[in-house]
Amino acid sequence: KAGVTQTPRYLIKTRGQQVTLSCSPISGHRSVSWYQQTPGQGLQFLFEYFSETQRNKGNFPGRFSGRQFSNSRSEMNVSTLELGDSALYLCASSLGQGGDEQFFGPGTRLTVL
Amino acid sequence: GQSLEQPSEVTAVEGAIVQINCTYQTSGFYGLSWYQQHDGGAPTFLSYNALDGLEETGRFSSFLSRSDSYGYLLLQELQMKDSASYFCAAHQGYSTLTFGKGTMLLVSP
């Protein structure tokens, strides 16, 4: 079956702009989690959606938001971009049960100038 | 806070055995997973331990001790293709993972 897809793969924005990233999970997976990966901080959890509801949220400012649609596709939005938001944004899908394997997409590389 | 500690880098030669340790301090701990990430690639799942003890999957094994808040990943018969970053991750409710900062494994001939 098809893997997790993320669009776009690369994005260049300037400070103050906003950006929307998209994630399509594996068919049948109802949970989508988002992570930010940077060389200094590693992989940091942003939030998790399950059946269109945010189930958990990491320690990020309110500029970072997300949503999930009825087909389980998810989007995350970052408003008022800062230089420090430059990172690889990864989404992962799973069945949403405790301890199940998360399948990661290839990520969106965001560069903020 | 919630944190997982693992070594930043480990080196080994082909055919050897290497162990990557992970200690954690998290609330609401459900279990420990390990992920592998090659440079430029997406993390891929290796193993999950919910209970104390050893889980074996081919050349890779993972161990968990809840009482010690400690786990490790054991890689045997190392191959060049095993050169990658390895992350331990604590499960905290459903699909919430808190990752360690990763261990870069360098395998030399």
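The values are calculated or read from the model by the stated rules, or taken from the named source; none is laboratory data. Everything quoted here is computed from the prediction, not taken from an experiment. Cβ: placed from backbone, ideal geometry, glycine included. Neighbour counts: every protein chain shown.
General remarks:
- For the range A:66-84, a residue qualifies if it is surrounded by fewer than 17 Cβ atoms within 10 Å (Cβ to Cβ) and assigned to a strand (DSSP E or B), and the qualifying residues are A:Arg67, A:Asn77.
- When B:Gly40 is tested against (1) surrounded by fewer than 19 Cβ atoms within 10 Å (Cβ to Cβ); (2) part of a loop (DSSP other than H, G, I, E, B); (3) away from chain A (no Cβ under 13 Å), exactly one condition is not met: (3).
- Scanning the range A:19-30 for residues that are surrounded by 12 or more Cβ atoms within 10 Å (Cβ to Cβ) and either in a loop (DSSP other than H, G, I, E, B) or modelled with pLDDT under 95 (or both) yields A:Pro25, A:Ile26, A:His29, A:Arg30.
- Residues located in the range A:49-65, provided they are under 24 Å from A:Gly3 (Cα atoms) and not in a strand (DSSP E or B): A:Ser51, A:Glu52
- Restricting attention to the range A:24-40, the residues that are within 12 Å of chain B (Cβ to nearest Cβ) and over 17 Å from B:Thr96 (Cα atoms) total 3.
- Test for A:Gly3: is it within 14 Å of another protein chain (Cβ to nearest Cβ), of a type outside the set (Phe, Trp, Tyr), out of contact with any helix residue (DSSP H, G or I) (no Cβ under 9 Å at 6 or more places or on another chain) and buried (at least 16 other Cβ atoms within 10 Å of the Cβ): no
- Within the range B:50-109, the set of residues being free of Cβ contacts under 8 Å to residues at least 12 places away in the same chain and among the aliphatic types (A, V, I, L, M) comprises just one member, B:Leu54.
- In the range B:63-109, residue farthest from the chain's Cα centre (by Cα) [restricted to those that are farther than 25 Å from A:Ser94 by Cβ and polar (S, T, N, Q)]: B:Ser108
- Answer from A:Leu46, A:Leu110 - the residue that is closer than 19 Å to B:Pro43 by Cα, more than 14 Å from chain B (Cβ to nearest Cβ), part of a strand (DSSP E or B) and among the hydrophobic types (A, V, I, L, M, F, W, C): A:Leu110
- Among residues of the range B:8-22, those that are over 18 Å from B:Glu77 (Cα atoms), out of contact with any Cys (no Cβ under 9 Å at 6 or more places or on another chain) and surrounded by 16 or more Cβ atoms within 10 Å (Cβ to Cβ), counted: 0
- Of the residues A:Val4, A:Val19, A:Val32, the single one that is within 21 Å of B:His38 (Cα to Cα), of a type in the set (A, V, I, L, M) and in contact (Cβ under 8 Å) with a residue 12 or more places away in the chain is A:Val4.
- Selection over the range A:85-106 of residues that are assigned to a strand (DSSP E or B), within 13 Å of the chain's Cα centre (by Cα), of a type outside the set (A, V, I, L, M) and facing chain B (nearest Cβ under 7 Å) gives a count of 1.
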